[in-house]
Amino acid sequence: MLIAFGWIAILLLAGGFALDRTLTNLVEKNFDDQLGYMLTAMISSVEIVPDGSGEVYFIRPLGDQRFLEPNSGLYWQITGKGQDDYLSRSLWDRTLKVRAEPGNADTQIYDSDQFAGEPLRIAERAIMLPGSDTTWTFAVASSRGELNSQIARIRSILYWSFAVLGFGLFAMAMAQTWYGLGPLRRVRKAIQTMRVGGSNRVTDPLPLEVQPLVEELNALLAHSERQAEEARTHAGNLAHALKTPLTVINNAATARADDLSETVIRESGTMRRHVDHHLARARAVGRRAVGHANTPVCESAEAVRRAVERLYPDVRFDIAGNRKAAVAIERQDLDEILGNLIENAAKYGGGSVFVTVDAEPEAAECAIWVEDDGTGIPEAERVRIFDRGARLDTGKPGTGLGLAIVRDVAEIYGGSVTLGESEDLGGLMVRLGLPRAGAGV
């Protein structure tokens, strides 16, 4: 409202000044035109006396009665070099100081303060009358009192008109601002009610202008609820997962069992797997909340390949596909997903691992295939293998968390993981579907 008041004041001042100049100039021009008409009438009414004296006389009297009234405010004067000045009766005992230049036939109009207390507007012209060798200066003067009075009345009207206009505009701007921000006040009250009353959505009917804001606010609340529910679920799952191993350890310790140490080692390993799994999910959820990522798939796959090659130097790795493919996943999470899949393929395969990036370019999501030439996984076991701690080959080291972490992290980002059989290598094929960068999650 302060900005609106400032702009209204600036524009009204500028407009008032321009209008004042325009109207003042029009009034002055009209006043000057009247003086010019009187000057022309006076010149056309004067001739030289035919007796050779060189004097001038009026062949017809001037029509304005004020020229005959002393100090009436309207005067005329005829001045010639070497001749007596011819004065109007209204001048009485005063004379006009003219300043017309000989040879300048143009009418000059100017202000003069030669009469004390009576500013004048003078129109004068220097001409030579027929039959005379004298340059005569004709002057008509009028008091500026009437002109100044007209200008003062115009300015008074302008001042009060623009003052009322400015007050009205500012009042309208205040009313518009107050009314226009009304929906936001209603949103604030709805949020306050939601905070103190336990409501979880803004359901009050609101104008279309703020409806997108309300929809985004409700979406944010829904997102926060989902995150809180995920946190509660993870905490409950972790507590439930740790409850059984702790109970086993407590019972073994209470009974002073002979295999207490083996029980503690076994159950603490189980608890560590659960903690690692939930920490991986928590990291993924936290990074997802930061914003949309843009991670090149091939860069992550190459980095993982170099790390796994140190563990399995005899395994042959091939990475092919779209080198420019990028997914909307943080780099750390993509490294963890691909690391689990590629390491599993190297560990349980027969010596060959193929990674195909963007294997289905026409699909809405970026499909990454990880294939090996191992024995694969029976179709009946492909669902159970995603359970935490599930392992088909217990002869090799591992925690059984790899595929569970892959599935959970991928689903957090809106992706998916499916298992199948590799047509080229004959072993397991893992299809990882992740959202493309820029496509939204």
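The values are calculated or read from the model by the stated rules, or taken from the named source; none is laboratory data. Please read all numbers here as calculations on a predicted model, not as lab measurements. Backbone-built Cβ (ideal geometry, glycine too); neighbour counts: all protein chains shown.
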Scope region 273-306; condition modelled with pLDDT under 90 and among the aliphatic types (A, V, I, L, M); matching residues: 275, 279, 280, 282, 284, 285, 289, 290, 293
Condition met for residue 238 (farther than 30 Å from residue 8 by Cβ, assigned by TED's automatic domain parsing to the domain that holds residue 275 and in contact (Cβ under 8 Å) with a residue 24 or more places away in the chain): yes
Residue in region 227-238 that is under 28 Å from residue 415 (Cα atoms), aliphatic (A, V, I, L, M), at pLDDT below 85 and under 34 Å from the mean Cα position of the chain (by Cα) present: yes
Residue in region 22-34 that is closer than 25 Å to residue 143 by Cβ, among the β-branched types (Val, Ile, Thr) and more than 60 Å from the chain's Cα centre (by Cα) present: no
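For region 307-319, how many residues meet the condition of being in a strand (DSSP E or B) and loosely packed, with under 13 Cβ neighbours inside 10 Å? Can you show your working first?
Taking region 307-319 first, the residues in a strand (DSSP E or B) are 316-319.
Those left that are additionally loosely packed, with under 13 Cβ neighbours inside 10 Å: 318.
Selection size over region 307-319: 1.
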Pairs with Cβ under 7 Å, 6+ apart, first in region 133-150 and closer than 16 Å to residue 115 by Cα, second part of a helix (DSSP H, G or I): 140/35; 140/38; 140/39; 140/42; 142/35
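Taking the stated definitions as given, is residue 90 outside the structural domain of residue 63 (by TED's automatic domain parsing) and of a type in the set (S, T, N, Q)? Please lay out each step first, then the result.
On the way: outside the structural domain of residue 63 (by TED's automatic domain parsing): no; of a type in the set (S, T, N, Q): yes.
So residue 90 fails the test.
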